[in-house]
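I have placed the structure first, in the form of structure tokens, so that the comments after it can refer back to it.
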Amino acid sequence: MTAESGALRPAVHRFAVDVPELELADYQRVVRLVLRHPLITATWPDERALPRVRRFAAALRRDLAEAFGYRLELHGSTARLVRAKDRLDGTQPAVSRTGRPFDRQRYAYLALCLAVLGRAGIQITLSELADSVAGDANRITGLGLDPDHGPDRRAFVDAVGWLEERGVLRLADGSSAAWASDPGAGEALYDVARDVVFALFRPTRVVQHVESVSALLGRAMTSSGNAERRQAAQAARRGVVESPVVYFADVDPVVANHLGGSALAADLARLTGLRVERRAEGVLLVDTAGFTGERFPGTGSVAQAAVLLAVEIADRVADPDGRRVKRLVPPDGYGRQQALVGQIDAGLPTATLVRLDDTGPAEPRTTEDEGGADETDGAGRLPFITDSFLRTAVGEILQRYGTAFGAQWHADPDRLCAEAVALLERFGAVTVVPGGVLVRPLVGRYRHTIAAVKPRASTETLF
């Protein structure tokens, strides 16, 4: 063997090829920033974010497009990541400044605010914005907006606050708090960041031509084998960075094949600096850098209760001395997606719908019952944990770690149970079904875990 043939060759990377190794860690931080915050302005999420994105703009555009099929746009003082979506996700709603998830009314007001701001000048008062939104909302059956009606005003203020946080509206004079308390007692003047407005509201299709929200997920299919493999690889990478855990059973076989390959882990490590953990059932991206807004296990009473509940569930499933846990076939993923599509489409204004042809909407496909296998063999089935077990377990957690939870949780353990289960479902640990939950493989990570909860520094009161 010659010295040349035996020499170590540098690793060949597909991404961040033009980024010097000394700057790679900074580049990976910016990739994580853009993936977490698809909209970046001069003030959102902070003043340092936009200069960091501009520093690596060329490499980011190329890598995000090739790795995920995303498009990064920079205009004025705004960076916008236009993402491709493979499925609807109801676990990441917009939230108000107080942490309240947006409902239909708030989403509607937000959309109408953007429509008004799109045709407004460089400044607008809060009362003018409210009057214009009210004029549009009052023409929509079942919506409406009366600023003197408390619930309507609070929903409108939440929508405006969402825009303020992201730099769409910048307070120039007055106070929005006074108007929020009493529309006749105060006023606020806003500067309108038009580049941010246009970055937020750039629909790729005429809304009146959209017959279902699922049409927004459609992509042109290619006949080339190489193109299909590239799209499947992009879908696999998207799944890992957008979901807490990706199970092989939940994706197409061609995507699962890419999830199981070594290239995906190397690519995402190069791009994000994070490690991909692979198990027999699926993969997850280990968040060691605060990549996601919400982490599990996390801090706070609900997060503590959730991880303790996961331990109880894992021990119950694996208990050799207890009664055998019943196993059920999990709900069909396509059926759950169709149910979510139906909930969103229920608000579609059909009176303004303009069909492009006479074919009508496509009929949804149906899935046959795949029962077949005996319940005792566990093939394709997941352990079923009843609601009564969950409530009992949470009650025991409150007794065992009483000082770690505030008085409001002791007074309402059912609410703590519901929020803890909802958190576990958001992270792919369980699937909520009538009467209980189905336990997914992620819970196995917490089997036989010994938890220690730090006591609260101060005692909370109920009010």
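The values are calculated or read from the model by the stated rules, or taken from the named source; none is laboratory data. All figures in this text were calculated on a predicted structure; none of them were measured in a lab. For neighbour counting, all protein chains shown are included, and Cβ atoms are generated from backbone atoms with ideal geometry for every residue, glycine included.
What's the number of the only condition in (1) surrounded by 14 or more Cβ atoms within 10 Å (Cβ to Cβ); (2) touching an Asp or Glu at 6+ places or on another chain (Cβ under 6 Å) that Leu308 fails to meet?
Exception for Leu308: condition (2).
Scan segment 23-38 and report the pairs whose first residue is part of a helix (DSSP H, G or I) and whose second residue is of a type in the set (Asp, Glu) and buried (at least 19 other Cβ atoms within 10 Å of the Cβ), with Cβ atoms within less than 8 Å and a gap of 6+ or a chain change.
Val31/Asp63
For segment 173-206, which positions are among the small types (Gly, Ala, Ser) and assigned to a loop (DSSP other than H, G, I, E, B)?
Those that are among the small types (Gly, Ala, Ser) and assigned to a loop (DSSP other than H, G, I, E, B): Ser175, Gly184, Ala185, Gly186, Ala193.
Taking only segment 87-100 into account, find how many residues are in a loop (DSSP other than H, G, I, E, B) and either of a type in the set (A, V, I, L, M) or closer than 26 Å to His13 by Cα (or both).
2
How many residues does segment 240-294 hold that are among the aromatic types (Phe, Trp, Tyr) and modelled with pLDDT of 90 or more?
2
Only one of Val311, Val307 is touching a Pro at 6+ places or on another chain (Cβ under 6 Å), closer than 30 Å to Thr403 by Cβ and of a type in the set (A, V, I, L, M). Can you tell me which?
None of the others qualify; the one that does is Val307.
If you go through segment 269-299, how many residues are surrounded by 19 or more Cβ atoms within 10 Å (Cβ to Cβ), of a type in the set (A, V, I, L, M) and in contact with a Phe, Trp or Tyr (Cβ under 9 Å, 6 or more places away or on another chain)?
So the answer is 4.
Within segment 72-79, does at least one residue satisfy the condition of being without any contact (Cβ under 8 Å) to a residue 60 or more places away in the chain, in a strand (DSSP E or B) and surrounded by fewer than 16 Cβ atoms within 10 Å (Cβ to Cβ)?
No, segment 72-79 contains no residue that is without any contact (Cβ under 8 Å) to a residue 60 or more places away in the chain, in a strand (DSSP E or B) and surrounded by fewer than 16 Cβ atoms within 10 Å (Cβ to Cβ).
Please name all residue pairs, on different chains or six or more residues apart, with Cβ atoms under 9 Å, provided the first residue is in segment 112-130 and is free of Cβ contacts under 8 Å to residues at least 60 places away in the same chain and assigned by TED's automatic domain parsing to the domain that holds Asp191 and the second residue is outside any helix (DSSP H, G or I) and among the β-branched types (Val, Ile, Thr).
Leu112/Ile140; Cys113/Val168; Val116/Ile124
Any residue in segment 157-172 that is assigned to a helix (DSSP H, G or I), out of contact with any Asp or Glu (no Cβ under 8 Å at 6 or more places or on another chain) and of a type in the set (Phe, Trp, Tyr)?
Among the residues of segment 157-172, at least one is assigned to a helix (DSSP H, G or I), out of contact with any Asp or Glu (no Cβ under 8 Å at 6 or more places or on another chain) and of a type in the set (Phe, Trp, Tyr), which makes the answer yes.
Within the bounds of segment 161-172, is there any residue that is among the aromatic types (Phe, Trp, Tyr), in contact (Cβ under 8 Å) with a residue 60 or more places away in the chain and surrounded by 20 or more Cβ atoms within 10 Å (Cβ to Cβ)?
yes
Say we look at segment 340-358 and pick out the residues that are loosely packed, with under 12 Cβ neighbours inside 10 Å and not in a loop (DSSP other than H, G, I, E, B); which of these is nearest to the chain's Cα centre (by Cα)?
Residue satisfying both the conditions and the ranking: Thr350.
Out of curiosity, is Leu117 touching a strand residue (DSSP E or B) at 6+ places or on another chain (Cβ under 8 Å), of a type outside the set (Val, Ile, Thr), buried (at least 19 other Cβ atoms within 10 Å of the Cβ) and under 27 Å from Arg80 (Cβ atoms)?
For Leu117, the condition - touching a strand residue (DSSP E or B) at 6+ places or on another chain (Cβ under 8 Å), of a type outside the set (Val, Ile, Thr), buried (at least 19 other Cβ atoms within 10 Å of the Cβ) and under 27 Å from Arg80 (Cβ atoms) - is met.
Can you pull out every residue in segment 1-48 that is aromatic (Phe, Trp, Tyr) and modelled with pLDDT under 95?
Phe15, Trp44
If I go through segment 324-336 residue by residue, how many of them are out of contact with any Asp or Glu (no Cβ under 9 Å at 6 or more places or on another chain) and buried (at least 16 other Cβ atoms within 10 Å of the Cβ)?
Qualifying residue count for the region: 1.
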